[in-house]
Amino acid sequence: MAEMKPISFKTRDSLFVNGYLTLPKGRAKKNLPVIVMPHGGPDSRNSWGYNSEVQFLANRGYAVFQVNFRGSKGYGKKFWTAGFKEWGGKMQDDITDGVGWLISENIANPSRIAIYGSSFGGFSALHGLITQPDLYRCGASHSGFTNLFTYLKDIPPYFRPYQQMFYETVGNPEKDADYFREVSPVFHTDKINVPVLIAQGAKDPRVNMNETNQFVKELKKRNVPVTYILKEDEGHFFRNIDNRLEFYKELELFLDKNLSRK
């Protein structure tokens, strides 16, 4: 197993942020290809311990960087509420600042950095490609949100008791329409210019398949290299073992192709 170590850094607005860095075995802590892996939720957190995705990526020679950006739980109420209505805002800035810290410490090779996540992490990966076009060589999104309007409009019945809380933490699609449009990746496909891998389940109750299809179509129209994995029998996360194996095989090939030395 690759060793997972706690790290910390200060953001541009002097917030103390924690996270974890897993280094590939047998490699010096210098000039490494890095996979930035935002967690889902977004009000969950990364914790120290075994993570199959992290170990999979480290085994392939990548350093894996996990940031517990503001809005993550486990660091007190003030830190959690600091992430309210900051999707694509200060939450993303924390991730960007963390990558900047890796580069300044000479841990990351600045020309070999990718971003990959699932659910909110997928949204963050796409948003990172949009707002930081020169930082990431490529990005991958598994069931990532592309449209915050739809995300709140299509809340499943079992989440409706929490709808008011979503309005507090994410935003209100009517009152915060300008903010939703500004940070929703579906409205900014013209700003993505690096290869993208997208995985989507057709039965996903949280991410609208038709919007993901349109998102991919717009990227292809601009000749952006896209690897699209659509599974008709899957929901928000792939459960079928064959589909999971296919996804990780494609992810490995995608990262190897786009993060190879040039």
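Quick notes on this one:
- Amide H to amide H distances under 5 Å link GLU234 with ALA202, LYS203, where only residues 5 or more positions off or on other chains count and H is placed in the peptide plane.
- In order along region 196-203, the phi-based Karplus estimate (6.51 cos²θ - 1.76 cosθ + 1.60, θ = phi - 60°) of 3J(HN,Hα) comes to 10, 10, 10, 10, 8, x, 5, 9 Hz; Gly and Pro are listed as x.
- Dipole of the chain computed with +1 at Lys/Arg Cβ and -1 at Asp/Glu Cβ about the Cα centre; of ALA28, HIS142, GLN66, farthest Cα towards the positive end is ALA28.
- Rounded Å value of the spacing that divides the Cα centres of region 141-163 and region 107-125: 22 Å
- Ellipticity estimate at 222 nm from DSSP helix runs (n ≥ 4, -39,500 (n - 2.57)) divided over the chain, nearest 500: -10500 deg cm²/dmol
- Among the GluC sites (Glu not before Pro) in region 164-233, those placed in a DSSP loop whose Cβ has at most 11 other Cβ atoms within 10 Å are GLU174, GLU232.
- Here the chain exposes an accessible surface that is 49 percent carbon and sulfur, computed with a 1.4 Å probe and the other protein chains kept in place.
- Across region 15-30, computed HN-Hα scalar couplings (Karplus, 6.51 cos²θ - 1.76 cosθ + 1.60, θ = phi - 60°) run 8, 7, 10, 9, x, 9, 10, 10, 9, x, 5, x, 10, 5, 7, 7 Hz from first to last residue, x flagging Gly and Pro.
- At a probe radius of 1.4 angstrom, the accessible area of the chain per residue rounds to 47 square angstrom.
- Given +1 at the Cβ of Lys and Arg, -1 at the Cβ of Asp and Glu and no other charges, the dipole of region 1-140 around its Cα centre is 260 debye to the nearest 20.
- Computed 3J(HN,Hα) for region 41-52, one whole-Hz value per residue from the Karplus formula 6.51 cos²θ - 1.76 cosθ + 1.60 where θ = phi - 60°, is x, x, 8, 9, 6, 7, 10, 5, x, 5, 9, 4, glycine and proline marked x.
- Each Lys and Arg adds +1 at its Cβ and each Asp and Glu adds -1 at its Cβ; summed about the Cα centre, the chain shows a dipole of about 680 debye.
- Positive-pole candidate from GLY19, MET209, TYR248, dipole of the chain, charges at beta carbon: GLY19
- Pairwise inverse Cα distances across the chain, averaged and inverted, put the Kirkwood hydrodynamic radius at 18.5 Å.
- Alpha-carbon centroid distance for the pair region 187-262 / region 1-76, whole angstrom: 22 Å
- Where chymotrypsin sites (Phe, Trp or Tyr not before Pro) fall in DSSP loop in region 1-93, at most 11 other Cβ within 10 Å: TRP48, TYR50
- Between the amide H of ILE7 and those of GLY19, TYR20, LEU21, distances stay under 5 Å, these residues lying 5 or more places away or on another chain, with hydrogens modeled in the peptide plane.
- DSSP-assigned coil residues among trypsin sites (Lys or Arg not before Pro) in region 182-247, each with at most 13 further Cβ atoms within 10 Å: LYS203, ARG222, ARG239
- For region 122-262, the direction-averaged projected area of the alpha-carbon convex hull comes to 9.1 nm².
The values are calculated or read from the model by the stated rules, or taken from the named source; none is laboratory data. None of these values were measured; they are calculated from a predicted model. Ideal geometry is used to build each Cβ from the backbone, glycine not excepted, and the neighbour counts take in all protein chains shown. In case anyone asks, the SASA skips ligands and DNA or RNA and just uses the protein heavy atoms, side chains included. Shrake-Rupley method; radii C 1.70, N 1.55, O 1.52, S 1.80 Å.
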